[in-house]
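A quick write-up on the structure given underneath.
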Amino acid sequence: MKRILSLFLFLFLLIPGLRAEDETASPAPQRQRPKVGVVLSGGGAKGMAHIGVLKVLEELNIPVDCIVGTSIGSIIGGLYALGYDATELDSLVRAQDWNQLMKDQVERRDVAYSLKKDDDKFIVTIPFMNHKMLTAETESARGVQGGLLKNVPSALVEGQNLNNLFTKLSVGYQDDVDFNTLPIPFACVAVDLNTKEEVVFHRGNIVTAIRSSMSIPGYFAPVQNGSQFLVDGGVLNNLPVDVAREMGADYIICVDLHHFKKNKADSEQTIPEMFSSLLSIMNGEKYKSGRAASDILIEPNTSAYGVLAFDDQSVDALVDSGLVAANRVRPQLLSLSSHLKTYQEPHHLRPPKAIDLSRDSVRITQMEIQGADAGDMAWLLSKTSIGPGELVSGNDMDQAMATFYNTRAFTKIAYAIAGHEGDYRLKIKFSPERIHQAGLGFRFDSEEMASILLGMSLNKHKLFGSKLDFETELGANAHALLRYGFTFHNLTQLSLSARLGHTAFDNYEAGRMLYTDRFNAFRGEAAYQITGWRNADIRFGVFYDNFREQIAFTQEAEDYVRPGEQRRGSVPGGFFNWQFDSLDDNYIPTRGLKMNLHGAASWSPGWTYEARMDLKAVLPLGPGVDFIPQTYNRWLLGESPARFYENTVGGSLYGRYSDWHLPFIGMNHVHSSLDRVDIARADLRINVFRQHFLTLMGNYLLEWNIDKEAKALDLVHNYGFGVSYVIGTIAGPVQVATHWSNISRTIGFYFSLGYDF
């Protein structure tokens, strides 16, 4: 009996020990680490501060389990979610030309020569299409519309360049993607104009999502996504903390760019800044609740910077403001980091980082084209290096998009490189442009006062076929031009044109006014033109000029002309013209070359031959300093030309009174010159700051006086100097200049605002 009791007692004591050994061998599951969400608000260029905040989070090893953004916050957040770390983002934003990204235009050197001429003279161009000519695509994209004004663009910018940038940086994630499968789960916020409701992107095309979220109404065109027309998410939710909570974030780090306001005395605001202020009003309650719901609130002081402050100095300061703001709450961040370390970090393999086409290339296996005629598309692709089987880089795509976009036949061109390694499919969607165009140019100067240029072009944005242009200048020197052209598939053009013009200018000699010339002229022209080159254009053809000259009498003119004298003339002839222009800007260039070679023969009676050459080069000497040599040459040979064709020089504007009027610094008025004229000019331009430039100018005028009977050569030498101050503005350059020459022998002044035409 004792043995049985002893056995039971032994087993009773042994079983708990066995249970304890078993529990030690199989430990209890570890607690799951709380998720950290980061929320980035909108704010334009101020969003560069987000990068500084992310740098501090990485330094403190705080994991980011999901990231949510609005507007610029969606850009920084989306790229971070694609695998770019804060240092890479810093390098990316500094490497961009934000001034170019915030516009649709590509660099001027990539624009076809025929289109540069419009860009250089029209301040505003508005494409349009009447209701009968709306295609099914444009009608569905823009709604059923009628009339000129209802068919103008919905915003200043389509966002073409930004779209291309996001596409280059997100290769590998351009299919219909669940954003939770990105290297870091991501969401962004937009607003649907149709339903007036908030739209949260958790899946789809990430480029479309980001581009929609930052589509500032009125500046960027709405993004069409199915039946939705999407604009900036800041309209309803500029601080989407609620979205991060719904994604499962336990701790939320919120970056608010709008807490610090500008001084009330700084009442003047740009349009984007006013829109930013309106956003704060429109979503005030949701904004306040978002701030209250965040666990750690980071508030960079960006009040000294505007929403378009993308210059290098501002970007540096804004990134630093993010660093400063994050370090201001460093104790809270350290506490969170320490707390998270008490949990075992879950082991999971993150998806690969997106491919950056700026650094890597991919091979295209297939191409899919939408919105372009098959014949047009074949021609367009022949001008690029992209296609099935080709290895494509970011530069290749940039050049291709520039080629397509510079035809001006499309309002938007979106591309995507879908698929994964070994199977990349290039998809390009063309959105046809409204084919007609209206243009407005304006110039005010101290010589002619105000001049207005109006233009109307039918079929302007068709690649090929018939085109009709009408242009008129209203001012002291007025003209009207009507031109019909037919463009062939080899990008040559046949054209017929008629031009009526009125010109009036005072003739001076030795600083005194002699008489006033008034010309009424008609020119009819038939020409063959070789177009399509980016920087060059060739035209040749025949012309017929008919003109009438009337001379206003002055006492000083008695030795030169008879009072009220009138002269008429009819002159037929032929011409050849070759032009080259690679300047990066027509008015304030920093690099490039511009050249014009012109030859003509006319009968008046007797043959007169014209040879003309103009040359301008921009040579950088150092940061902000450029040397600009120029020459203007025109020689008339053969019989004495009609007065209408005589050389005239003076002023700063090339071609003010005729196509062959040459500028000469040192006098505003017109100086009638001899038959052979050469002008050499040199400018030294200094960039004072931003768009402010100081230019020192000097030129030399050589006139060749050839006495055929005496077989003698007499050279006439003249010279002039000047100083100008130019400010680049959205309405064109503003110029103030003072000058002197040995012809006028007086100090002169000149002021101008606007474009030349």
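The values are calculated or read from the model by the stated rules, or taken from the named source; none is laboratory data. Computed from a prediction, not measured in an experiment: that's the story for all the values here. Don't worry about glycine lacking a Cβ; one is built from the backbone with ideal geometry, like all the others, and counts go over all protein chains shown. In case anyone asks, the SASA skips ligands and DNA or RNA and just uses the protein heavy atoms, side chains included. Shrake-Rupley method; radii C 1.70, N 1.55, O 1.52, S 1.80 Å.
Details
- Kirkwood-type hydrodynamic radius, region 642-687: 11.5 Å, calculated from all non-identical alpha-carbon pairs.
- As a fraction of the 1.4 Å probe accessible area of the chain, surface on carbon and sulfur atoms comes out at 58 percent.
- Solvent exposure of THR70, expressed as accessible area, is near 0 Å², computed with a probe of 1.4 Å over the protein chains only.
- Entries in LYS116/LYS383; LYS196/LYS462; LYS46/LYS286 that, when Cα-Cα distance is taken, lie over 27 Å: LYS196/LYS462
- Correct option for Cα Rg over 2.2 N^0.38 Å [calculated from the coordinates] among [x] 1.05; [y] 1.25; [z] 1.40: [y]
- Cut-off 12 Å between beta-carbons: net charge of the residues surrounding PHE486, Lys and Arg +1, Asp and Glu -1: +3
- Taking amide H atoms as placed 1.01 Å from N in the peptide plane, the amide H of GLY248 has no partner under 5 Å among residues 5 or more positions away or on other chains.
- Surrounding net charge for ALA326, when Lys and Arg each add one and Asp and Glu each subtract one, Cβ distance under 13 Å: -2
- Working from Cα pairs under 8 Å separated by at least six residues, relative contact order for the chain is 10 percent.
- Surface listing: TRP635, TRP660 arranged by accessible area from highest to lowest gives TRP635, TRP660, probe 1.4 Å.
- The mean accessible area for residues of the chain, using a 1.4 Å probe and ignoring ligands and nucleic acids, is 47 Å² per residue.
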